[in-house]
Amino acid sequence: MTGMAPAKRPNQLFRNLNAKIASIPMILIAVGIFLGGSLWTVVYSFTNSKLLPRATFVGFDQFERLWASSRWIISIQNLAIYGILSLIFSMVIGFMLAALMDQKIRFENTFRTIFLYPFALSFIVTGLVWQWILNPEFGIQGIVRSMGWESFTFDPLYNPQIVIYGILIAALWQGTGLVMCLMLAGLRGIDEDIWKAARVDGIPMWRTYLFIVIPMMRPVFITTLVIIASGIVKVYDLVVAQTSGGPGNASEVPAKYVYDYMFQAQNLGQGFAASTMMLLTVAIIIIPWAYLEFGGKKRG
Amino acid sequence: MNNSVSIRDLSLSFGAVSVLQNLNLDIRDGEFLVLLGSSGCGKSTLLNCIAGLLEPTEGQIFIKGRNVTWEEPKDRGIGMVFQSYALYPQMTVEKNLSFGLRVAKVPKEDIQRRIARAADILQIQPLLNRKPAELSGGQRQRVAIGRALVRDVDVFLFDEPLSNLDAKLRSELRVEIKRLHHSLKNTMIYVTHDQIEALTLADRIAIMKSGVIQQLDDPVTIYNRPVNLFVAGFIGSPSMNFLRGELAEEGGCPVFRTHGVSFSLDGYDTAEPLMPGRKVVLGVRPEHIHVDNHKAGAEMHDAVVDIEEPMGADNLLWLKHAGHTMSVRTGGAKRFAPGTKLQLSFDMSVASLFDAETEVRI
Amino acid sequence: MANISTLNTTAAGFDAVSEYVGSGPSGRRPRRAMSARNIMLYGTLFVAALYYLLPLYVMVVTSLKGMPEVRMGNIFSPPMEITFEPWVKAWAQACTGLNCDGLSRGFWNSVRILIPSVVVSIAVASVSGYALANWRFKGSEFFFSILIIGAFIPYQVMIYPVVIALREIGVYGTLTGLVIVHTIFGMPILTLLFRNYFASLPVELFKAARIDGAGFWQIYLRIMLPMSLPIFVVAMILQVTGIWNDFLFGVVFTRPDVYPMTVQLNNIVNSVQGVKEYNVNMAATLLTGAVPLIVYFLSGRLFVRGIAAGAVKG
């Protein structure tokens, strides 16, 4: 071997050595924790771990038990209702607020501050304050009754049928400000000349929004959708604070199911199985989107 | 004479900032009027006021004899072409053209007829089913013009439509727009900062500065008899030579004197008396200074070549004389080395004198 | 001017100058300040603003009332007698479990969690973002993509392995452990933020420094950092808000005596048996929300930019 050949290989590895060393935390986290952790959880969901992880494989046992549990079914139902309504309403409300804010109004900063401040609060705070407002004795129901409508009932937090809507109201209060900001940024990115051209063409405002502007804002809508969707699956703190999952199990959500079984009911296996289901749900949403956005473009 | 568009005492201010000041303008039927000026002079603002996209603070706008000052853009009988084309990105070319008509509930056959006509004139038939993203810049601009065409209007407004295109496309489309004007014979109001476009396209040019029309004339007049220093310097490339000096009298005839050198003003056309002692600026275009083929009896000046810029067909010579460096245009065949001594003659019949203070033409 | 003479044209319908001036519409379109459009616009915005402000108002108002007044019923009525007792109680006397020294304990815990977490997470993420933006090496983008995907995975899926890992190193339940956790889960968004920012800086600066012989760390400390104040502020706002408001990690990775404020708040309000002291609860809630709210009001625009930056995927 000549002296040249061996010198090539180590050179590649040592290029940018500092950068590579500095990136070790990121790589560790990405591969070790995100990838590795998720994989570990999925694998162990096929075991019958109780208080501590045990490597005894029991096939799909945990999953069968999961889907037989009414509590889990309720949590999935709740997530579905909450998720779909949350998506629709926050997008619609967020967009309408953004459209209003885009009209060159005065006090724009003030309004934006007001719409967005709930986002700065913890879900715990949000949950607690809405728990208070929806309190049947002192809250909205009490007030409306004291104003004369004696039979007015609005106690979502005590009514298993509609408790999820109480949580929805609180979540919308917290989250629509962010959607509005994103939509407003998207609206502001629309070329002014398009508005002018539509005006000269005699196209009324609502048609301009519906047929020209909104189609142009597709990327923003998709990004917002993904952000809202990823937040929906994670919903936990809000439920804990507002209803503690009650009344009974009526406002149970998957994230809470996982936590309760993992850390309180000493049934890790169930917790893992439930987590795996959550992961699956997210994957179903994210993978098509990622493919649409980045498909073909980059290969890491 | 029919006036297609008339502007009366138009003013527009944003708060304390006055963008347009007391503008009066009459545009004849079928005329191609260019609003020319650099950024911020108010030309786009004026166009937007005519279109109805901006509200004037004061004044009135008439289109085809109708007072449209308070009318919405769609009711003014105008079509508009924008710098960024502003085509609706998610619709095909055909939908772009027909959207406004469908909203106005124009009957289907009528829409088809109009689109066919526009597609024919602009040669965009093969593009009808494509989306704007699939078109080239030139094609997009034609579709934008088509969108104005299908509206069956009298007045077309162009807001710097060629500024987004590269030089070659620009000159191609310029010719097309001129052909379009010849075949359609509509009134066209065209905003640009490019003087070449103005000179080639316009029937009349309105040069604007700081919200005021400096001169409104046909291109030849603006070129040869600019009304003030600003117009003289703005039009013409390479730009006019300006020599600062004063008027004097020699042998009973008025002369221009600078740095001790006198220039005969024989042939200069002016109604004003040329009083000696008045501080003035003499403007002469590079092609009106000759280094050869001098007219018989012309006054000669000795100059030294400073630098030459060969441009292929022409040669731009920079010469030093009378304390100034001036540019002279000659044929591209001859070359001149720096330091060469030359004799110059000036064609005063097409020169311009401006009062040094008011900058107005004398 | 040449156009003066055209004023007196004689075409049909156009006669003398006097025909125009003063007759017909002129100048601005007449617009009533209270036009239908404005009423709907500002009206809707105002009603929406009410919906958003109401809870805050209710919180404040309830926290300033004495319990008898609270029980009288109307949560929307302003206090007849303002009392700060609920606040004092919330801060110093509320009970969680066996401790009755109020939210102040949780507050200081949160502070103790916040400061190291913010510092470490931003330090690690900024260096990673810098490496990704300026020192791309084989596989760097791939790892980054995994990081970003990780941002979408629900925390619950990865949390147990992290518990195990922390137990192995011996920091489970300690402050250090929680700091590590916050750093880990803050990485995706922060790294994205810094990467995009550093990528937007003029590359000539970087190239010039390399020609001058500067290395990875030197360029970072001497050139990148001084130019990055805005993005660090945005990152800090994001982290302060996110970490202070966190609940899940707080409840999983700490022991009761080091619970952050959010966890303690939930315990105070939701696990009290018997008489609920709503005014104290509201005061406690306000106290917990105060810190990020103050950060929000002070930083306004930057906050919005931070959220948008975190939300806009590369």
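The values are calculated or read from the model by the stated rules, or taken from the named source; none is laboratory data. The structure displayed is predicted, hence computed values, not measured ones. Note that each Cβ is placed from the backbone with ideal geometry, even for glycine, and that neighbours are counted across all protein chains shown.
Descriptive notes on the structure:
- Residue pairs whose Cβ atoms lie under 9 Å apart, sitting 6 or more positions apart in sequence or on different chains, and linking a residue in region C:295-311 that is assigned by TED's automatic domain parsing to the domain that holds C:Leu192 and at pLDDT 75 or above to a partner that is small (Gly, Ala, Ser) and buried (at least 18 other Cβ atoms within 10 Å of the Cβ), are C:Val295/A:Ala120; C:Tyr296/A:Ala120; C:Phe297/A:Ala120; C:Ser299/C:Gly306.
- Residues in region A:40-66 that are part of a helix (DSSP H, G or I) and within 9 Å of another protein chain (Cβ to nearest Cβ): A:Trp40, A:Thr41, A:Val42, A:Tyr44.
- Unmet requirement for C:Gln156, which otherwise passes all of (1) polar (S, T, N, Q); (2) surrounded by 21 or more Cβ atoms within 10 Å (Cβ to Cβ); (3) modelled with pLDDT of 85 or more: (3)
- Scanning region B:17-55 for residues that are away from chain C (no Cβ under 14 Å) and aliphatic (A, V, I, L, M), we see that the one that is nearest to B:Met208 (Cα to Cα) is B:Leu36.
- Residue ID - nearest to A:Phe272 (Cα to Cα), chosen from residues in region C:135-181 that are part of a helix (DSSP H, G or I) and polar (S, T, N, Q): C:Gln156
- Test result for B:Glu58, more than 11 Å from chain A (Cβ to nearest Cβ) and either at positive phi or acidic (Asp, Glu) (or both): yes
- A:Ile84 modelled with pLDDT of 85 or more and over 24 Å from C:Val162 (Cβ atoms): yes
- Qualifying residue in region A:247-265 (condition: within 10 Å of chain C (Cβ to nearest Cβ), in contact (Cβ under 8 Å) with a residue 24 or more places away in the chain and among the polar types (S, T, N, Q)): no
- Among residues of region B:201-238 being basic (Lys, Arg) and either assigned to a strand (DSSP E or B) or touching a Pro at 6+ places or on another chain (Cβ under 6 Å) (or both), the one that is farthest from B:Ile177 (Cα to Cα) is B:Lys209.
- Filtering region C:268-306 to residues that are polar (S, T, N, Q) and surrounded by 18 or more Cβ atoms within 10 Å (Cβ to Cβ) leaves C:Asn270, C:Asn279, C:Asn281, C:Thr285, C:Thr288, C:Ser299.
- For the criterion of being farther than 20 Å from A:Gly271 by Cα and more than 8 Å from chain A (Cβ to nearest Cβ), C:Ile169 passes.
- The residue that is nearest to C:Arg28 (Cα to Cα), among those in region B:71-106 that are touching a Gly at 6+ places or on another chain (Cβ under 7 Å) and more than 9 Å from chain A (Cβ to nearest Cβ), is B:Glu71.
- Residues that are assigned to a helix (DSSP H, G or I) and closer than 15 Å to B:Ser163 by Cα, drawn from region B:177-200: B:Ile177, B:Gln195, B:Ile196, B:Glu197, B:Ala198
- Among residues of region B:184-198 being farther than 11 Å from B:Leu35 by Cα and surrounded by fewer than 24 Cβ atoms within 10 Å (Cβ to Cβ), the one that is farthest from the other protein chains (Cβ to nearest Cβ) is B:Ile196.
- Of the residues screened, C:Tyr259 is not one that is more than 21 Å from the chain's Cα centre (by Cα), hydroxyl-bearing (Ser, Thr, Tyr) and at pLDDT below 85.
- Of all residues making up region C:268-289, the number that are within 10 Å of chain A (Cβ to nearest Cβ) and out of contact with any helix residue (DSSP H, G or I) (no Cβ under 6 Å at 6 or more places or on another chain): 3
- Residues that are modelled with pLDDT under 85 and among the hydrophobic types (A, V, I, L, M, F, W, C), drawn from region B:254-274: B:Ala271, B:Leu274
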